[in-house]
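The values are calculated or read from the model by the stated rules, or taken from the named source; none is laboratory data. Model, not experiment: these values are computed from the prediction. Methodologically, a virtual Cβ is constructed for each residue, glycine included, from the backbone with ideal geometry; neighbour enumeration extends over all protein chains shown. Just so you know, the surface numbers come from the protein's heavy atoms only, side chains and all, with ligands and any DNA or RNA stripped out. Shrake-Rupley method; radii C 1.70, N 1.55, O 1.52, S 1.80 Å.
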Amino acid sequence: AAAAKAAAAKKAAAAKAAAAKKAAAAKAHAQTSRSTTRTALAKAVVNKAVKKPAARVTTTKTTTRTTTKATTKTVTVSRTAVRAPVIAPVARTGGYVIGNDYPGYYGTDPFRFTARQCTSFVAWRLNSRNGVAFNVFYRGVKWGNASNWGYAARSVGIRVDSTPARGAVAWSSAGHVAWVSRVNGDGTITIEEYNWNYDRSYHTRTVPVSKFRYIHIADL
């Protein structure tokens with residue numbers, strides 16, 4: 001009986017040891033499984049991180065500058081100047097003969113011309129009728145002899161042309177000047193003058209307009 005009891009006890013102890021061993025093995029297996037699972041999960045996470053790294057987006061902002069260079073273009077425009085037609089002055093008709101109003105000058109007159117010459121008479125008329133302070137050095141040039149009057153006038157910008165006017169100076173480059181008293185409507189003028197025939201006296205004549213050129217100092 002004792003032997004049977006001992007055998008039973010031994011068998012029970014062996015069964016208990018086997019159960020304990022089995023339980024330990026199961027526990028170890030469970031721990032291994034959990035560790036494996038954790039490792040697998042960790043590996044999966046790592047793999048996922050490696051395979052699908054976080055996208056890093058780098059935005060490059062490119063600024064394009066457009067430089068516009070101003071180009072100066074020289075355009076040559078050809079212009080044809082259109083000049084207004086030159087219209088010749090039209091002589092106004094009219095006027096009257098004043099008569100001999102020349103003072104009794106002798107020698108040199110107040111205008112510094114030789115008295116009782118054609119130049120002295122016209123200088124008198126320009127002063128007394130035209131209101132011009134005319135003298136032998138009018139506007140700074142020497143007028144002198146009658147033959148020089150037209151050139152002196154042009155040199156200081158006074159108009160000299162072929163159109164008569166009352167109060168204009170009738171001028172001949174041959175050496176004579178007269179005062180225009182009337183412009184007639186038939187192509188003639190009436191002049192007043194001194195020393196026309198070298199007699200140092202007053203005369204009046206009606207002559208063709210073309211006989212003289214006309215100096216326009218201060219027409220009436």
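Of note:
- Residue pairs whose Cβ atoms lie under 7 Å apart, sitting 6 or more positions apart in sequence or on different chains, and linking a residue in region 130-141 that is more than 18 Å from A115 (Cβ to Cβ) to a partner that is open to solvent by 70 Å² or more (accessible area, probe 1.4 Å) and part of a loop (DSSP other than H, G, I, E, B), are N130/L220.
- All positions within region 97-133 that are polar (S, T, N, Q) and in a loop (DSSP other than H, G, I, E, B): N100, Q117, N130
- Subset of region 96-133 that is under 55 Å from the mean Cα position of the chain (by Cα), open to solvent by less than 30 Å² (accessible area, probe 1.4 Å) and small (G, A, S) - its residue that is farthest from S201 (Cα to Cα): A123
- Hey, T163 open to solvent by less than 40 Å² (accessible area, probe 1.4 Å) and touching a strand residue (DSSP E or B) at 6+ places or on another chain (Cβ under 8 Å) or not: yes
- Checking each residue in region 195-208 for being open to solvent by less than 30 Å² (accessible area, probe 1.4 Å) and either in contact with a Lys or Arg (Cβ under 6 Å, 6 or more places away or on another chain) or more than 19 Å from N145 (Cα to Cα) (or both) picks out only V207.
- Residues of region 177-205 that are touching a Phe, Trp or Tyr at 6+ places or on another chain (Cβ under 8 Å), of a type in the set (D, E, K, R) and over 18 Å from Y105 (Cα atoms): R182, R205.
- Out of R205, R125, R166, sole residue that is out of contact with any Gly (no Cβ under 9 Å at 6 or more places or on another chain), modelled with pLDDT of 95 or more and under 24 Å from T93 (Cβ atoms): R205
- Test result for V136, more than 16 Å from R213 (Cβ to Cβ), in a loop (DSSP other than H, G, I, E, B) and within 43 Å of the chain's Cα centre (by Cα): no
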